[in-house]
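Shown next, in structure tokens, is the structure this report addresses.
Only the coordinates and a few stated rules stand behind these numbers; no lab work does. Here the structure is a predicted model, which is why all the values come from computation and not from measurement. Here the Cβ positions follow ideal geometry from the backbone for every residue, glycine too, while neighbour counts run over all protein chains shown.
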Amino acid sequence: MKNIISKPKVLLPKDDIDMMKWSVIACDQYTSPNENYWQKIEELVGESPSTLKMIFPEYYLKDTDLIDARINNIQKYMKEYIENGILLDKLGEDRFIYTRRTLSNGKVRQGLMVLLDLEQYSYKKDEKLPIRPTEGIVEERLPIRMKIREGAPIEFPHILMLIDDPEMSVIEPLEKKIPIHKKLYDFELMIGGGHVEGYAVTSEEEENRIFESLNKLNDEDMFKQKYGLETGENPIVIAVGDGNHSLASAKAVWEKAKEKLIEEGKSWEESPTRYAMAELINIHDEALEFESINRVLFNVGNIEYFLSEMKNFYQNLGSTCDIAESEEPMTESTEGFDFTSEPPAHLFKISYKDGEKLKFLSVIINPGVHSITVGSLQMFLDQYVKEHPESEIDYIHGIEGVLRDSSKEGNVGLFLPSMKKEDLFMTVAKEGVTPRKTFSMGEADTKAYYIMGRKII
């Protein structure tokens, strides 16, 4: 198992840095064109040292003329922060980092910062390695992420990985031994992000226990029995929870670097580019909640035409599409919505502006044209956008952003049920990846915050 994960050598900011301004939320949050979150962050951070200056918020991807300049600036700050002693190797050795994140609801989510061996991960459909993606990768989204990583001396990851450990044997025992760990940080996150603590695991006994406990998840017979598989296959030891495209980009960069090293006759086995730092979280952590990722379709125009296209799409696939007025958006999981047919029916909801009012519709697809609701919807949306390039999709965490954006003439909000987190590993084991943007590990403000980095060259 030591070839699947290993201990990272982390870089942390020097002691006099304002950690609240230093640590910002994952770059793929608050992407709606109607958001002003990132402008608030820029104003808050100002000229202070911050991870904001070393990441590319996806909100700004729309500024296509400025992409190269922003990437150059990111890499410039990374080099400056190392050269000027703002980023330091405070531990002087490789260590697992145990994390505790107090969320805005008061619950504490536990995690473990590790290195993932990219040789044990693939985002290609037929390669079933121990580290597995959970959603389909959109190849067009990789080049810009690769460009950032290829020229960067450091990685600042927001990748959250999951293990299915109902016995809570890997991460949770660390909580009972906090006094023996070395505290690295303990501070409030900005703009309602909660509180975060980090501890270096300095006990060799605990390190060995982590490796041994994780190794038990790599048992083929247990994997087959656990998920009701008819035939044996390589177990999923670690699955991507958040950051599928970031990890895929790291893999793609590594494959290019490895090929070059081999061509030059150099050793590649110990290259730091071979690894990606990520936070492990147990899917059974009580603080971890799966939320749906809703959609907004911009520039739809006539709602009757849109609904007609939707009906035709599903009818052409042999399903009925029943649309009726509804009272409110979806606020909880409806995967168990008394649809017992096989394959089951699927329900989602729509919002749009009708005069001065925001109206809601419920849509039932019977039977669903995919195994899960989000798949049935995404199949239609992908075709609609392809045929109507003036329309654009954004993926929204939570309900408020969808209500806001669909309140504007010509936009449509789409509300989806949440996936049961306990079903994730079984779904991936049986069906491969889920449709993109199937689930979110909590609301936007519960996402990973950038705190520590690692040299990758």
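As a rough footprinting exposure proxy, the listed residues Met113, Met168, Met222 were ranked by other beta carbons within 10 Å of their own, and the order from fewest upward is Met222, Met168, Met113.
For the stretch 1-74, what relative contact order do you get, as a whole percent, if you take Cα pairs closer than 8 Å and at least 6 residues apart? All intermediate terms of the calculation are to be shown ahead of the outcome.
Details: 50 pairs, mean separation 24.6, N = 74.
Worked out over the stretch 1-74, it gives 33 percent.
The stretch 186-241 and the stretch 125-177 have Cα centres separated by 11 Å.
Taking the average, over residues, of other Cβ atoms within 10 Å as the packing measure, peptides 358-368, 266-276 rank 358-368, 266-276 from highest down.
In deg cm²/dmol, rounded to 500, what helix-only [θ] at 222 nm does the chain give when every DSSP H run of at least 4 residues adds -39500 (n - 2.57) and the total is split over its residues?
That calculation yields -8000 deg cm²/dmol at 222 nm.
Go through 234-240, 135-141, 428-434 and give me the packing order, highest mean Cβ count within 10 Å leading. Provide the component values of the computation, followed by the final result.
Values: 234-240: 22.0, 135-141: 14.9, 428-434: 17.7.
Ranked from most to least packed, the peptides come out as 234-240, 428-434, 135-141.
Specify whether the C-alpha gyration tensor of the stretch 154-297 places it in the rounded, prolate or oblate class, a ≥ b ≥ c being the square roots of the eigenvalues: rounded for a/c under 1.5, otherwise prolate if a/b is larger than b/c and oblate if not.
On the way: a/c = 1.26, a/b = 1.14, b/c = 1.11.
In terms of gyration-tensor shape, rounded.
Taking every DSSP beta bridge that has both residues in the chain, what percent is antiparallel when rounded to the nearest 5? Around 90 percent antiparallel, to the nearest 5. The peptide list 118-125, 319-326, 61-68, put in order of mean Cβ contacts within 10 Å with the highest first, becomes 118-125, 319-326, 61-68.
Computed from the mean reciprocal separation of all distinct C-alpha pairs, what Kirkwood hydrodynamic radius does the stretch 176-240 have, in Å?
15.1
Centre-to-centre separation between the Cα atoms of the stretch 1-42 and those of the stretch 249-315: 18 Å.
List the pairs from Lys7/Lys421; Lys9/Lys124; Lys79/Lys107; Lys124/Lys359 whose alpha-carbon separation is above 31 Å, in the order I gave them. Result: Lys79/Lys107; Lys124/Lys359 exceed 31 Å. Taking every alpha-carbon pair under 8 Å whose residues sit at least 6 apart, the stretch 156-227 reaches a relative contact order of 28 percent. Shape verdict for the stretch 112-227, please, from the Cα gyration tensor: rounded (a/c under 1.5), prolate (a/b greater than b/c) or oblate. Verdict is oblate for the stretch 112-227.
Only one residue of Met426, Tyr450, Thr438 has its Cα farthest out toward the positive end of the dipole of the stretch 417-457, where Lys and Arg carry +1 and Asp and Glu -1 on Cβ, and that residue is Tyr450. Projecting the Cα atoms of Tyr59, Ile74, Met19 onto the dipole axis of the stretch 1-113, where Lys and Arg carry +1 and Asp and Glu carry -1 at the beta carbon, places Met19 farthest toward the positive end. Can you work out D for the stretch 372-457 in µm² s⁻¹ from Stokes-Einstein, where Rh is the Kirkwood radius over C-alpha pairs, the temperature is 10 °C and the viscosity is 1.306 mPa s? Taking Rh from Cα pairs, D becomes 102 µm²/s. Once backbone amide H atoms are built at 1.01 Å from N, Met277 has Leu116 as its partners under 5 Å, excluding neighbours fewer than 5 places away on the same chain. Simple rule: put +1 on each Lys or Arg Cβ and -1 on each Asp or Glu Cβ in the chain, find the dipole, and look at His284, Asn366, Ala250; the Cα lying farthest toward the positive end is Ala250. Exposure proxy for Leu381, Leu280: other Cβ atoms within 10 Å of each Cβ, ordered fewest to most, give Leu381, Leu280.
Structure note, pairs Lys14/Lys177; Lys224/Lys349; Lys357/Lys420; Lys147/Lys182; Lys176/Lys430: Cα-Cα distances above 30 angstrom occur for Lys224/Lys349; Lys357/Lys420; Lys147/Lys182; Lys176/Lys430. Quick check on the stretch 141-205: take the gyration tensor over C-alpha atoms, sort the square-rooted eigenvalues as a ≥ b ≥ c, and tell me if it's rounded (a/c under 1.5), prolate or oblate. Because a/c hits 1.5 or more and a/b exceeds b/c, the stretch 141-205 counts as prolate. Taking amide H as placed 1.01 Å from N in the peptide plane, the amide H of Thr434 sits under 5 Å from that of Glu135, Gly136, each at least 5 places away or on another chain. Coupling constants for the stretch 55-71 follow from the phi torsions by the Karplus curve (6.51 cos²θ - 1.76 cosθ + 1.60, θ = phi - 60°), and in residue order they are 10, 10, x, 5, 3, 8, 5, 5, 7, 4, 6, 10, 4, 4, 5, 5, 5 Hz; glycine and proline get x. Close amide H pairs (under 5 Å, H built 1.01 Å from N) link Val24 with Thr51, Leu52, Tyr450, residues at least 5 positions away or on another chain. Candidate values (1) 61, 56, 43; (2) 63, 54, 50; (3) 63, 52, 44 were compared with Cα extents along the principal axes in Å computed on the shown model; the agreeing label is (2). Put the Cα centre of the stretch 430-457 next to the Cα centre of the stretch 48-69 and the gap is 19 Å.
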